[in-house]
Amino acid sequence: MNFCEGGAGKEEAGVAGGPPPESSDGSRPVSQSPPEIRRVSCYHASYEGGLLAEHPSPERTTEAREGVVAKEVKRIVPPSELPHQKWRREVNELLRRRERKEREPRRVYIHFPGFGEPRYDTCGVVRYVLACPRCGSVYKRVPFKCYRDECPKCYRERAKRDAWRITERITEYARLTWKWKDWKHIILSPPQKEAKELMKTDVGIDKLFKTAVKLLRKYGVEGGVIIFHHKRKGKDRRSRKRYWRTGPHFHIYGYGRLIKSSEFYAETNWVYKNAKRGRKLWGLIYYLLTHKACICDENNSVIKKSVRWFGSLALNKMRRVAVERRTVRLYCKKCAEEGEEVALHKYDPVTGKDLGVFEFVVERFKYALNKPPPNYRKLIEDDGDGG
């Protein structure tokens, strides 16, 4: 078979298991039972837009046909740090902050994702084709990808991957804190004349971020993710065509309740719009990431992040404690309707050679909340005289 057209998505292939460990004296291997292979009962795998992910299936007790997996959990242990190493790290961080404050603001150039050139010649070139060996149905053409915002062929795949990670972090926070309500999508706009001047430098963009987060925390939003956009869509009244015009604003998906928009504008001179809760969180985040602001220097290198966390979802408030990896296969839908269970194979796009069963690794991160620092003032007051 010859597959030469199209392309989307690159997945990591992997097989669970490995060589058995050796005994303490190194003379002979210790007997080890084979890895457990089981059906997934509460999760099902989906292949959508070149990215595979794991979706919870509520109230589902039947086995998921797509998921033949070998489960493996690895703990991420933070490295131990000696007192003098901690002191040196903190001093270096203070010196870097001091240097950043003293240096002059840098001119920045803001673009949409996909503004640059592909890093590799293979970006977008088909790597292999997923097809059914029984009925010959072709499901997907998988290309090579670099996952860079600058690449015009791979920036959408970067947006898909980042959208899954953001969705997973928000979902894990809601699960850990039992905060499932009051999540909303907010569009926050600063005074446009002042914001257009600030967005010309890196210091000005940081100032916009800090002001937006300060106002959100002050008026009711506990935490979330904030995405910066430098342009917004306009509409011509005569031709009714859409176009992009300069208009810096922020998109926030966070937890909390804000005051009325009229009161918010009267007190802060900023405007916000409550876009309510998205039907599909991943789809909303992916759409926002496809036209986010890429903040670059004169060499077109990205130097600032336009997606940041704040409040109770900040990077210092939640940490990854483990990663769960599962090896999954995909099966042909047409053959399943006929009562046959056939796994998809990957084929060479030029020669049509069968390269074996297609397997990919699904990673799911486990999070934990960091403990807040002790309130020494409250401890002294409870102690009485403070002695």
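Tabulated values for the structure
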item: Residue within segment 295-315 that is among the hydroxyl-bearing types (Ser, Thr, Tyr), in contact with a Lys or Arg (Cβ under 8 Å, 6 or more places away or on another chain), surrounded by fewer than 14 Cβ atoms within 10 Å (Cβ to Cβ) and under 23 Å from Arg156 (Cα atoms) present; result: no
item: Residue count, segment 95-126 (criterion: buried (at least 18 other Cβ atoms within 10 Å of the Cβ) and part of a strand (DSSP E or B)); result: 3
item: Scope segment 167-190; condition modelled with pLDDT of 95 or more and part of a loop (DSSP other than H, G, I, E, B); matching residues; result: Pro190
item: For Tyr253: the one exception among (1) surrounded by 14 or more Cβ atoms within 10 Å (Cβ to Cβ); (2) modelled with pLDDT under 95; (3) not aliphatic (A, V, I, L, M); result: (2)
item: Those residues of segment 207-260 which are at positive phi, in contact with a strand residue (DSSP E or B) (Cβ under 9 Å, 6 or more places away or on another chain) and either among the polar types (S, T, N, Q) or part of a loop (DSSP other than H, G, I, E, B) (or both), in sequence order; result: Gly220
item: Per-region count, segment 330-355, residues under 31 Å from the mean Cα position of the chain (by Cα), more than 14 Å from Arg127 (Cα to Cα) and not hydrophobic (A, V, I, L, M, F, W, C); result: 2
item: Filter result (at pLDDT 90 or above, farther than 30 Å from Ile166 by Cα and among the aliphatic types (A, V, I, L, M)) within segment 343-385; result: Ala343, Val350, Leu355, Val357
item: Search result, residues across segment 92-142 that are within 30 Å of Lys304 (Cα to Cα), in contact with an Asp or Glu (Cβ under 9 Å, 6 or more places away or on another chain) and either hydroxyl-bearing (Ser, Thr, Tyr) or touching a residue at least 40 places away in the same chain (Cβ under 8 Å) (or both); result: Pro105, Arg106, Arg107, Val108, Tyr109, His111, Pro113, Gly114, Phe115, Gly116
item: Residue match in segment 110-120 (condition: more than 23 Å from Ala314 (Cβ to Cβ), out of contact with any Leu (no Cβ under 9 Å at 6 or more places or on another chain) and acidic (Asp, Glu)); result: yes
item: Test set (1) part of a strand (DSSP E or B); (2) buried (at least 16 other Cβ atoms within 10 Å of the Cβ); (3) hydrophobic (A, V, I, L, M, F, W, C) - Val321 fails condition number; result: (2)
item: Yes/no for Lys273 being in contact (Cβ under 8 Å) with a residue 24 or more places away in the chain, surrounded by fewer than 18 Cβ atoms within 10 Å (Cβ to Cβ), touching a Phe, Trp or Tyr at 6+ places or on another chain (Cβ under 6 Å) and among the charged types (D, E, K, R); result: no
item: Residue count for segment 178-200, restricted to those that are in contact (Cβ under 8 Å) with a residue 60 or more places away in the chain and in contact with a helix residue (DSSP H, G or I) (Cβ under 9 Å, 6 or more places away or on another chain); result: 8
item: Segment 218-252: number of residues that are over 18 Å from Val271 (Cβ atoms) and in contact (Cβ under 8 Å) with a residue 24 or more places away in the chain; result: 4
item: Trp282 modelled with pLDDT under 95, under 20 Å from Tyr109 (Cβ atoms) and among the hydrophobic types (A, V, I, L, M, F, W, C); result: no
item: So Glu263, is it of a type in the set (D, E, K, R), out of contact with any Asp or Glu (no Cβ under 7 Å at 6 or more places or on another chain) and not in a helix (DSSP H, G or I); result: no
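The values are calculated or read from the model by the stated rules, or taken from the named source; none is laboratory data. Remember, it's a predicted structure, so these values are computed and weren't measured experimentally. All Cβ positions, glycine included, derive from the backbone under ideal geometry; neighbour counts span all protein chains shown.
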